C-alpha cells in the first residue's frame with residue numbers, strides 16, 4: 001500500500017475510533033450546539049515539517065482530533081502536499097499548522113499558491129508554536145505571521161499579560177489582566193506590535209523566566225525584551241490568521257486555558273473577516289495612487305475601484321449608481337474626485353483638443369450640477385464621502401489643453417458643494433502645488449511614481465480618519 005494511502009487509512013481509523021468513543025459530544029457552549037450540529041467547523045491539520053521535527057507532533061495531532069471532536073468540530077490530519085490543493089481545501093473552514101515549519105521545503109509552489117488563494121476567499125489559518133519557524137522562503141506566510149524564529153526557552157512558568165484591547169477576545173476572555181502559565185516560550189525575529197492588520201492578544205513578561213535556553217545562548221539567541229507578544233491575530237490578504245506560541249507539546253495546551261485559547265482561536269479564524277469597504281473614484285491620477293492605498297490599508301479595509309478610468313463628472317454622473325454597486329456595494333467610505341477631465345478642451349468629436357478656443361468637456365454650470373448628482377448618490381448609499389480636490393495643471397503646453405485657472409475655479413465650486421453637505425475635503429491640490437517639480441511629470445498633469453506614492457499617503461490618511469472604529 002503506498003505511503004500516502006497508509007496515512008489516510010490510519011487517520012480515518014483514528015477519527016472513526018474517536019467518534020465512536022466520544023459519541024459526537026456537543027460543542028463548548030450549549031447556546032450554539034444546534035448550529036454546530038447542523039454544520040460543524042471543518043479543520044484540516046497539517047503537520048509536515050521542513051526544519052526541526054518536534055517529537056510531540058503526533059501526540060498533538062491526536063489531542064487536536066480528540067478535543068476538536070469533543071468540541072463539535074471535524075478534524076482531519078495530513079502531512080501530504082496533495083491535500084493542500086483547491087478541491088481539498090474548499091472542504092475546510094480552517095487550516096491549522098501544527099508546528100509545520102520550513103514549509104517552502106515541504107509544499108511545492110502549486111500548493112502554496114492554492115493556500116494563498118483559498119485564504120483570500122475568506123478562510124482562516126491557525127498557527128501553533130513552530131508554525132512561524134523558518135518560513136522566510138514563503139514570503140506570503142512570513143508577511144501574514146509578521147515574524148520568524150530566533151530562539152526559545154525551556155518549559156517554564158511565566159507571567160502572561162492580556163493586552164487591554166483583547167480582554168474580550170474569545171481566546172483570552174476571562175483571563176487577565178495577567179496570569180501565570182507554563183509553556184516553552186519562543187523568541188521571534190521582531191515584535192509584531194503595530195504591524196498592519198495585527199492585533200496582539202497576549203504578551204509574556206521576560207523578567208519572570210529565563211527567555212533563552214542554554215543551547216540558543218551559545219548560538220547567539222536573543223530575548224525580545226519588554227514587548228514580547230506570544231499570541232496575536234492578523235486580518236489581511238482576505239482571511240483571518242491566529243497564532244499562539246502554545247503547542248510545543250500537549251502539556252502546554254491541555255489545560256482549561258489552553259483548550260479555550262486554541263479552540264476559540266480556531267472558531268475566530270473560521271469567521272470571514274469583516275473589514276470596512278472603501279470605494280476609490282477618479283481619473284488616471286487616482287489610478288496612479290490606487291495600488292499604494294490598497295497596500296497601506298491591507299488588513300484595515302477592502303479597497304475597490306472601477307477598472308476603468310472614471311474620467312470627468314459627465315461619466316461620473318452616468319455611472320455612479322453602477323460604481324456604488326461594485327462587488328456588492330455597501331461601502332463605508334467613498335473617496336472621489338472629478339475635475340481634470342471636465343476642464344480639458346474637446347473638439348467636435350468629443351475627443352481631447354490642443355486648441356484653447358475649443359470648449360471644455362463640461363462648463364462650470366454643468367460640472368456643478370453633475371457633481372451635486374454624484375454627491376447625492378454617494379450620500380444616499382450611506383457611505384461617508386471624501387472629496388479630493390483636482391490636482392494642478394503645470395505651466396507649459398499641456399496636451400490636451402487645460403488652463404490652470406480653470407482648475408482653481410472648478411475646485412472652488414467643488415469646495416462650496418462639499419461645505420453645503422459637510423463633506424470632508426482631501427486637498428490634494430494644496431498639498432502638491434508647492435512641489436510640482438518634484439512630484440509631477442514635466443509639462444504633464446500626471447505624476448511620477450514617487451509623486452503617486454506621495455498622493456497615496458495623503459489619500460490613505462484621509463480614509464483612515466473616516467473609517468469606522470473597530471470594536472475591541
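The values are calculated or read from the model by the stated rules, or taken from the named source; none is laboratory data. Here the structure is a predicted model, which is why all the values come from computation and not from measurement. Using ideal geometry, Cβ is built from the backbone for each residue, glycine included, and neighbour counts are taken over all protein chains shown.
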| note | Expected single match for surrounded by 15 or more Cβ atoms within 10 Å (Cβ to Cβ), without any contact (Cβ under 8 Å) to a residue 40 or more places away in the chain and in the same structural domain as residue 253 (by TED's automatic domain parsing) among 199, 203 is 199
| field | Hey, residue 425 assigned to a helix (DSSP H, G or I), modelled with pLDDT of 95 or more and touching a helix residue (DSSP H, G or I) at 6+ places or on another chain (Cβ under 6 Å) or not | value | no
| Just checking, which of 430, 409, 399 is assigned to a loop (DSSP other than H, G, I, E, B), touching a residue at least 12 places away in the same chain (Cβ under 8 Å) and out of contact with any strand residue (DSSP E or B) (no Cβ under 7 Å at 6 or more places or on another chain)? | 399
| note | Counting only residues that are in contact with a strand residue (DSSP E or B) (Cβ under 9 Å, 6 or more places away or on another chain), without any contact (Cβ under 8 Å) to a residue 40 or more places away in the chain and more than 17 Å from residue 88 (Cβ to Cβ), region 104-142 contains a total of 2
| query | For residue 420, which of the numbered conditions (1) more than 34 Å from the chain's Cα centre (by Cα); (2) more than 24 Å from residue 323 (Cβ to Cβ) fails to hold? | reply | (2)
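Residues checked against (1) under 16 Å from the mean Cα position of the chain (by Cα); (2) at pLDDT 95 or above; (3) more than 20 Å from residue 458 (Cβ to Cβ); (4) not assigned by TED's automatic domain parsing to the domain that holds residue 457:
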residue: 249; (1), (2), (3), (4): no, yes, yes, yes
residue: 255; (1), (2), (3), (4): no, yes, yes, yes
residue: 260; (1), (2), (3), (4): no, yes, yes, yes
residue: 265; (1), (2), (3), (4): no, yes, yes, yes
residue: 283; (1), (2), (3), (4): no, yes, no, no
residue: 287; (1), (2), (3), (4): no, yes, no, no
residue: 314; (1), (2), (3), (4): no, yes, yes, no
residue: 317; (1), (2), (3), (4): no, yes, yes, no
residue: 323; (1), (2), (3), (4): no, yes, yes, no
| Out of (1) crowded, with 21+ Cβ neighbours inside 10 Å; (2) closer than 9 Å to residue 44 by Cβ; (3) over 22 Å from the mean Cα position of the chain (by Cα), the odd one out for residue 84 is which? | (3)
| For the subset of region 42-54 comprising residues that are at pLDDT 95 or above and assigned to a loop (DSSP other than H, G, I, E, B), which member is nearest to residue 105 (Cα to Cα)? | 50
| message | Against the definition (at pLDDT below 95 and in the same structural domain as residue 405 (by TED's automatic domain parsing)), how does residue 332 come out, yes or no? | response | yes
| Looking only at region 254-285, which residues are closer than 22 Å to residue 149 by Cα and buried (at least 24 other Cβ atoms within 10 Å of the Cβ)? | 261, 262, 265
| task | Considering each of 221, 265, 247 in turn, give the residue that is part of a helix (DSSP H, G or I) and in contact with a strand residue (DSSP E or B) (Cβ under 9 Å, 6 or more places away or on another chain). | result | 265
| query | When you scan region 293-338, how many residues do you find that are assigned to a helix (DSSP H, G or I) and crowded, with 22+ Cβ neighbours inside 10 Å? | reply | 5
